[in-house]
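Taking it in order: structure first as structure tokens, then the write-up.
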Amino acid sequence: MKKTNWVKWAKLWLLVVVLTMPPMGMAEPPDITVDVVSKGAFVIFFLKNYEDSDFKCASIRVEATVKDEDERVALRTIMARNISLPAGSLEIKVEAGKDIIGALRNEMNQPRIMALRKLTYRCEPKVFRDRLKDGSSGPEMVRIPAGRFRMGDIQGGGDSNEKPVHWVSVDKFAMGRYEVTFAEYDKFAEATGREKPNDRGRGRGNRPVIYVDWYDAVAYTEWLSQQTGQQYRLPTEAEWEYAARAGTETKYWWGNDIGKNRANCYNNYCGDNFKYTSPVGSYKPNSFGLYDTAGNVGEWTCSEYEGKYKGKEKRCLCNNHAKNSVLSVRGGAWHNSAGRVRSADRFGDGPTNRFDNLGFRVARL
């Protein structure tokens with residue numbers, strides 16, 4: 001074969017490889033199946049999840065042709081929302097459409113579903129990891145649904161900076177399943193030539209990174225964004241409390257009593273066995289699937305701190321405005337008493353401060 005033909009075939013092969021590679025930051029389509037059958041006055045969706053992680057189907061819909069005994073025809077979309085699919089679930093049955101057929105009975109004579117078409121669904125993993133440019137995975141992320149919650153000292157007995165208690169709406173986003181670890185931050189430091197923080201004997205690896213200031217945390221999120229093509233950042237203070245509460249209004253996501261071995265805080269307040277930080281994920285997660293939102297290390301947010309809530313808790317502060325500002329820190333730490341690891345507890349710190357009880361977790365749109 002002539003040299004020109006080799007070049008031609010090499011270029012063609014390269015084009016095929018590029019076109020068939022999944023885009024950066026994206027995974028292969030999940031192995032999820034959804035089938036639907038008609039039962040006259042409603043439909044049944046049959047869902048199966050062959051993956052080894054939990055999924056959530058935000059919506060499943062099908063177009064239905066409805067006909068009654070007088071041969072009148074109506075077209076309706078039948079939908080089911082927010083269906084959870086545990087890892088490796090063999091079959092989940094979901095009934096839908098009864099309300100739609102019930103309403104049609106006021107207009108039609110004995111309406112029944114005669115045909116179904118255009119079944120569509122959107123299912124996403126609850127926990128996912130974006131791919132970095134070297135082919136490795138970024139931090140584990142948990143999808144947080146949109147919602148509305150009461151923010152602040154709901155139970156009473158907190159500090160004045162936890163007031164006023166107010167309603168906040170939060171759009172859906174994703175949040176780090178764990179606090180960023182030394183292993184994750186060290187990889188970033190090596191890739192960017194940044195100095196690695198000293199753990200001062202507290203432990204590295206899968207323990208939360210410490211001795212990082214706000215600028216370090218922001219730089220890590222910017223690197224993740226550049227590596228994955230996604231929009232990473234620190235969570236706002238409102239997002240942080242919403243995610244930490246996970247639908248609860250108690251002092252801690254598990255209740256009003258600190259209990260034992262539920263969090264890492266100072267001495268015997270929490271009944272834990274760690275002198276300093278604990279490996280991430282050492283305790284049970286909240287119902288959103290987030291670990292260590294109470295204790296272990298305080299976590300930087302992207303919001304500017306105010307002595308009382310006035311709206312900044314819902315916004316991110318730009319880097320160039322942080323120099324003379326105080327940033328909100330949430331979650332409490334290993335050196336705090338039980339009262340300081342409550343979901344509502346908060347304090348502020350300067351952006352250049354580094355301590356052995358201060359780290360962060362990431363958020364993503």
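Placing +1 on the Cβ of every Lys and Arg and -1 on the Cβ of every Asp and Glu, with nothing else charged, gives segment 32-125 a dipole about its Cα centre of roughly 160 debye.
Between the residues 96, 180, 141, the greatest Cα displacement towards the positive end of the dipole of segment 63-184, with unit charges on the Cβ of Lys, Arg, Asp and Glu, is found for 96. For segment 94-157, the orientation-averaged shadow of the C-alpha convex hull comes to 10.9 nm² (one quarter of the hull surface). To test your reading of the geometry: what angle, between 0 and 90 degrees and rounded to tens, separates the Cα axis of helix 3-20 from the longest principal axis of the chain? Here the helix axis deviates by roughly 90 degrees. Between 0 and 90 degrees, the angle of helix 182-192 with respect to the longest Cα principal axis of the chain falls at about 90 degrees. Note on segment 199-267: percent of Cα-Cα distances in each 10 Å bin, starting at 0 and stopping at the bin with the largest distance, equals 15, 29, 38, 17, 1.
Checking the Cα-Cα distances for 284/314; 172/308; 39/93; 187/314 against a 19 Å cut-off, the pairs over it are 284/314; 172/308; 187/314.
When the chain is described by a simple charge dipole with +1 on each Lys and Arg Cβ and -1 on each Asp and Glu Cβ, the residue from 240, 38, 208 located farthest towards its positive end is 38. Once the Cα-Cα distance is subtracted from the 0.36 nm per residue extended length, the residue 44 to residue 183 segment shows a gain of 45.4 nm. Our summary gives segment 130-364 a relative contact order of 26 percent, counting only alpha carbon pairs under 8 angstrom and 6 or more residues apart. Can you pull a Stokes-Einstein diffusion coefficient for segment 142-184 at 20 °C (1.002 mPa s), Rh from Kirkwood over Cα pairs, as a whole number of µm²/s? Here the translational diffusion coefficient equals 168 µm²/s. Relative to the Cα centre, the charge distribution of the chain, modelled as +1 at Lys and Arg Cβ and -1 at Asp and Glu Cβ, gives a dipole magnitude of about 640 debye.
The charge dipole of segment 186-241, taken about the Cα centre with unit charges on the Cβ atoms of Lys, Arg (+1) and Asp, Glu (-1), comes to about 340 debye, rounded to the nearest 20.
Helix 214-228 versus the longest principal axis of the chain: what angle, 0 to 90°, nearest 10, using Cα atoms? On a 0 to 90 degree scale, this one is about 30.
Rank 94, 142, 297 by mean-square fluctuation in a GNM of the chain with C-alpha springs under 10 angstrom and give only the top-ranked residue. Its mean-square fluctuation being the largest, the pick is 94. Neighbour counts of C-beta atoms inside 10 Å place 335, 166, 321 in the sequence 321, 166, 335, starting with the fewest. For a 4.7 Å threshold on C-beta separation, the list of partnerless cysteines in the chain reads 318. One compactness figure for the chain is 1.22, namely its Cα radius of gyration divided by 2.2 N^0.38 Å. Pick out, from 168, 311, 321, the residue whose Cα sits farthest towards the positive end of the charge dipole of segment 130-364, with +1 on the Cβ of Lys and Arg and -1 on the Cβ of Asp and Glu. Going by the charge dipole, the pick is 168.
Rule-based calculations on the coordinates, nothing more; no lab input. This is a predicted model, so every value here is computed, not measured. Cβ atoms come from the backbone with ideal geometry, glycine included; neighbour counts cover every protein chain shown.
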